[in-house]
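**Student:** The structure is given below, and queries will be raised subsequently.
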Amino acid sequence: MITEVIPAYLGEVMNQDLGKRKLNMNGIKRAGEVLKAGGLVAFPTETVYGLGGLALDKTSARMIYAAKGRPSDNPLIVHIARLEDLNYIVKDVPVKALMLAMFFWPGPLTMILEKSNKVPKETTGGLSTVAVRMPNDPAALALIKEAGGYIAAPSANRSGRPSPTMAKHVLEDLNGKIEIVLDGGHVGIGLESTIVDLSVDEPKILRPGFIGEAEVMKALAGDGKQYFKEQHKSEENCEEEDAHPKAPGMKYRHYAPKGEMLVLTGEWTKIVSEIEKRAKEAFLAGEQTGVLCSEETAQKMSMTGARVFINGSLKDPKSIAAGLFENLRAMDEAGCTKIFAEGYPEEGVFYAVMNRLKKAAGGNVVKL
Ligand code: TXA
Ligand code: MG
């Protein structure tokens, strides 16, 4: 099979005002036909590219696992394009889910809810719950509608690799394994969605993302209860060692580059001088040394001999998030054997960035 790349939008996609982009409806319709016939299509969302198949069809779900090389107990997210479609795939829709949907959909928030019998166990990795999200990308929404309303889509990378933020990353991992990639240019956010478990009494964040805990809490506050446990951050860290974590994806090794990676956290000036020192030493020891950091830190790295990979600016945490996965891939391409990564203060979007960085480093973190 040859994977075909089809533009999701007409004209220049890059650097264009998102609101002004015109959908390539012919291409999207064709991709919808492929999905309806049981094929696989990768498509852009605002978070990362998704590897889509029909969500309510067990054969499509099995094909997704095979293409990704993903263990079949790691469930898929069902993507919808209309709020009313939620009723069909969820047993009953709790008020809390509607409140979050009103606030954040379409957007980077996934909710875990009790599934209806319309969703096959293949899609949910054998679980009685289903993950649902409405992505905020016009091409994704149009494709979902064309395909009948329900697309199951994990991130469109081979299992264990960083999630794709550009169509070319999808090809790197899945060329020949899927029929079409809809190319929507670079995604806006670059981190996977925040996952909230609403199938339990006290809603809990299972995967941090662009939408922070405080924002979710605020959206739920209308219900008059304090929903979130204070300790959820430490619980989330524990999950990685747990053989049966609530979000099964959390137990797998993820994002890791081939080289040995260390994250340095703490006070910025200390991080900078420590990375400088360690990078120099590694370079002199003959390692292909990579430094993964912000623009501000990069300015201080010129004499280390390391290759510097710039995520974005410290002044704009979103830019750091958007550049991260691309750089994790680029460091592999550059053959880096030793990687030193700048850590960030664990709040807001940086909280989610740090979650991904720690996973990429296999927990190899030094606090200065
Ligand atoms: O932003 C995103 O969420 C992207 C785009 C494509 O929408 N998708 C994505 O999917 O990141 P994936 O498959 O790479 O990650 C889904 C995560 C996994 O950790 C999985 O274990 C968890 O969601 N998950 C899915 N269904 C679940 C369920 N029923 N209960 C608990 N966790 C679930
Ligand atoms: Mg993934």
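**Student:** Return the pairs, sorted by first residue and then second, in which the second residue is assigned to a helix (DSSP H, G or I) and of a type in the set (Phe, Trp, Tyr), the first residue lies in the stretch 136-159 and is on the phi > 0 side of the Ramachandran plot and surrounded by 24 or more Cβ atoms within 10 Å (Cβ to Cβ), the beta carbons are less than 6 Å apart, and the residues are 6+ apart or on different chains.
**Tutor:** Cβ pairs passing all conditions: none.
**Student:** To continue, here is another question. Name, by its number, the condition in (1) among the charged types (D, E, K, R); (2) under 19 Å from the mean Cα position of the chain (by Cα); (3) in a helix (DSSP H, G or I); (4) over 21 Å from residue 165 (Cα atoms) that does not hold for residue 329.
**Tutor:** Of (1) among the charged types (D, E, K, R); (2) under 19 Å from the mean Cα position of the chain (by Cα); (3) in a helix (DSSP H, G or I); (4) over 21 Å from residue 165 (Cα atoms), only one is false for residue 329: (4).
For (1) surrounded by fewer than 20 Cβ atoms within 10 Å (Cβ to Cβ); (2) out of contact with any helix residue (DSSP H, G or I) (no Cβ under 7 Å at 6 or more places or on another chain); (3) closer than 23 Å to residue 161 by Cβ, each residue gets a yes or a no:
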residue	(1), (2), (3)
3	yes, no, yes
44	no, no, yes
53	no, no, yes
69	yes, yes, yes
77	no, yes, yes
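**Student:** Enumerate the pairs (first residue in the stretch 325-338 and free of Cβ contacts under 8 Å to residues at least 40 places away in the same chain; second residue anywhere and open to solvent by 30 Å² or more (accessible area, probe 1.4 Å)) with beta-carbon separation below 8 Å, excluding pairs fewer than 6 apart on the same chain, so at least 6 apart or on different chains.
**Tutor:** Every condition considered, the pairs that remain are 327/310.
**Student:** Related question: If you check 188, 126, which single one turns out to be part of a loop (DSSP other than H, G, I, E, B) and away from ligand 1 (no atom under 11 Å from the Cβ)? Step through it out loud before you land on a result.
**Tutor:** On the way: 126 fails: away from ligand 1 (no atom under 11 Å from the Cβ).
Matching residue, one of 188, 126: 188.
Here's the yes/no breakdown for (1) at pLDDT below 95; (2) in contact with a helix residue (DSSP H, G or I) (Cβ under 6 Å, 6 or more places away or on another chain); (3) polar (S, T, N, Q):
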position	(1), (2), (3)
151	no, yes, no
157	no, yes, yes
173	no, no, no
179	no, yes, no
202	yes, no, no
214	yes, no, no
226	yes, no, yes
229	yes, no, no
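**Student:** So which residues in the stretch 265-302 are part of a loop (DSSP other than H, G, I, E, B) and of a type in the set (Lys, Arg)?
**Tutor:** Scanning the stretch 265-302 gives a single hit, 300.
The values are calculated or read from the model by the stated rules, or taken from the named source; none is laboratory data. For clarity, every value in this text was computed on a predicted model and none was experimentally measured. Cβ: placed from backbone, ideal geometry, glycine included. Neighbour counts: every protein chain shown. With ligands, DNA and RNA removed, areas are computed over all heavy atoms of the protein, side chains included. Shrake-Rupley method; radii C 1.70, N 1.55, O 1.52, S 1.80 Å.
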